[in-house]
Amino acid sequence: MKVFIYIICAFLSILFFWELLIRFAEPPPYILPTPYSVLISFKENFMLIYEHALVTIIEVLIGLTVGVILGMITALTLEIFVTARLVFRPLLIFSQSIPVFAIAPLLTLWLGYGILSKVVMAILIIYFPVTSAFHDGLSQTPKRYLDLAKTMGGTPWRNLLYLKIPHSIPSLCSGIKLAAVYAPIGAVIGEWVGSSQGLGYLMILANGRVKTDLMFASLLTLGFLSITLFSLIGYLLQISLAKYVRT
Amino acid sequence: MSFASPSIELIGSVRSENEVLFRDLRLVIRANRWTCLLGSSGIGKSTVLRLIAGLPTHVKLDGSIKSDDRLSLSNRVSYMAQNDLLLPWASVSDNITLGSKLRGHKYSSEKKLKIIKKVGLIQHREKYPFQLSGGQRQRTALARTLMENTPIVLLDEPFGSLDSNTREEMIDLTFKSLKGKTVLFVTHDPHEAARLCDSIYILEHQKTTNNKGLKPPFPKTYSDKSVFDLQYSLLEKIKSKRS
């Protein structure tokens, strides 16, 4: 409850400074609209924003699910097969040196203007954090547990199942929470580069028509969706995996 | 997997990369008894124990570890350390049966319950380690060792982190429940050594010596006068080696 009050306070103080800036600097509305005009724009364009937000939500959810699954599979592969670790890990790190922005036009070219290129974009952006977090957890299983397992005659697969995976669940959760924040970024980048729907598309459209209030309304909607997604996923992980995360 | 408890003999020198850690070591761990490895902190007691347990170490043994029944030691040794090594995400009950799960074997629930009762954790069996006291955690570790039921048990200062009351209870319980096993007990405390073991090795880099312990029955009570006499003589020996 206390946290909730803090969040509201933070939000109100941003609104306060925003309003203050407008009162003193008096920028034209197409540069910085007032909070009130953004609210009005949100109300007037509610159905429009809703339709586009729905597309973005679908892209994010599919991207997040597939990205997390792929990341987990990769991390397990890296942990199980030494050769995979040697070959694939440097490649994985190298892939991170290419900005995702730079690939976005290519993805649109290859996969079209539809939802697929955005989903792939979201997958690309979250794949590494999930893989990296989960694999770190797996490979950092305390040696003393593995020693105990050795004296007990544990097999490698069962050590993975009963020791390494449970031990790495807190790391995996951090990775998934990070992914929940990054996935909307990936989807919106995809929408910016080429699309006919989604909040990113709506923002570009509003920007082009100097409807700055609509752009702000879309932007705030995206922010709200991202925070909701992050909190929801955090909460679900907390209740379903409490015994692993508690320590 | 219960077999008759063998006696074990470790002979040889233990070397790390560029120095000899223990020269001409000869340890005889007799069947069905408690043998003590006494030595100051950091001397390498745990390393010797790890060698016997077949765990990776930074040292090499120029020599051999043999049992008198000529069977391999692997899968016949269980290990209980100062750190209870309980899995924080598993309940008491699940921690106890870890070995069977890791091997993919079925375990008898009856046996599990019997052991849980024996160590006095029946009301706590569904609790998680963080809900237990230090003594209860160590009881869980003991129950896990008992569930393994191996003929050889290695104890690495298992009472080290317990308060004195709990320690007394644990010493009694551990000694009783490990009856009939070949036990190597590693400690830095001459008092514990005197109370529990009839053969006590004082571990030194150059010359490790064997000392006769007290006569059975064990465990001796903490107020037993003969324990204090032996403790005193062991301390003197450790001191004289230092100077």
Of (1) farther than 14 Å from B:K207 by Cα; (2) part of a strand (DSSP E or B); (3) out of contact with any helix residue (DSSP H, G or I) (no Cβ under 9 Å at 6 or more places or on another chain), B:L10 fails just (3)
Of the listed residues (B:L10, B:L55, B:L25, B:L49), the one being in contact with an Asp or Glu (Cβ under 7 Å, 6 or more places away or on another chain) and under 23 Å from B:D198 (Cβ atoms) is B:L49
The one condition B:E17 fails out of (1) more than 17 Å from the chain's Cα centre (by Cα); (2) within 15 Å of B:E204 (Cα to Cα) is (2)
Considering only residues of region B:203-234 that are under 19 Å from the mean Cα position of the chain (by Cα) and hydrophobic (A, V, I, L, M, F, W, C), which is farthest from B:M170 (Cα to Cα)? B:L203
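Could you look through region A:158-183, keep only residues that are hydroxyl-bearing (S, T, Y) and under 12 Å from the mean Cα position of the chain (by Cα), and pick out the one that is surrounded by the fewest Cβ atoms within 10 Å (Cβ to Cβ)?
Narrowing region A:158-183 to residues hydroxyl-bearing (S, T, Y): A:162, A:168, A:171, A:174, A:182.
Filter once more, so that each one left must be under 12 Å from the mean Cα position of the chain (by Cα): A:174, A:182.
Values: A:S174: 18, A:Y182: 24.
So, considering only residues that are hydroxyl-bearing (S, T, Y) and under 12 Å from the mean Cα position of the chain (by Cα), the one surrounded by the fewest Cβ atoms within 10 Å (Cβ to Cβ) is A:S174.
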Give the residue that is surrounded by the most Cβ atoms within 10 Å (Cβ to Cβ), with candidates limited to residues of region A:223-234 that are closer than 26 Å to A:L32 by Cα, within 12 Å of the chain's Cα centre (by Cα) and not small (G, A, S). A:L225
What's the total number of residues in region A:209-236 that are within 30 Å of A:P27 (Cα to Cα) and either in contact with a Lys or Arg (Cβ under 6 Å, 6 or more places away or on another chain) or free of Cβ contacts under 8 Å to residues at least 24 places away in the same chain (or both)? 6
Set A:V181, A:V120: member being away from chain B (no Cβ under 14 Å), in contact (Cβ under 8 Å) with a residue 24 or more places away in the chain and out of contact with any Gly (no Cβ under 8 Å at 6 or more places or on another chain): A:V181
A:I80 passes all but one of (1) farther than 30 Å from A:I189 by Cα; (2) among the β-branched types (V, I, T); (3) touching a Ser or Thr at 6+ places or on another chain (Cβ under 8 Å); which number fails? (3)
Condition test on A:G186, is it more than 7 Å from chain B (Cβ to nearest Cβ), surrounded by 20 or more Cβ atoms within 10 Å (Cβ to Cβ) and at pLDDT below 95? yes
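The values are calculated or read from the model by the stated rules, or taken from the named source; none is laboratory data. In this text the structure is predicted, and so the values were computed from the model without any measurement. Don't worry about glycine lacking a Cβ; one is built from the backbone with ideal geometry, like all the others, and counts go over all protein chains shown.
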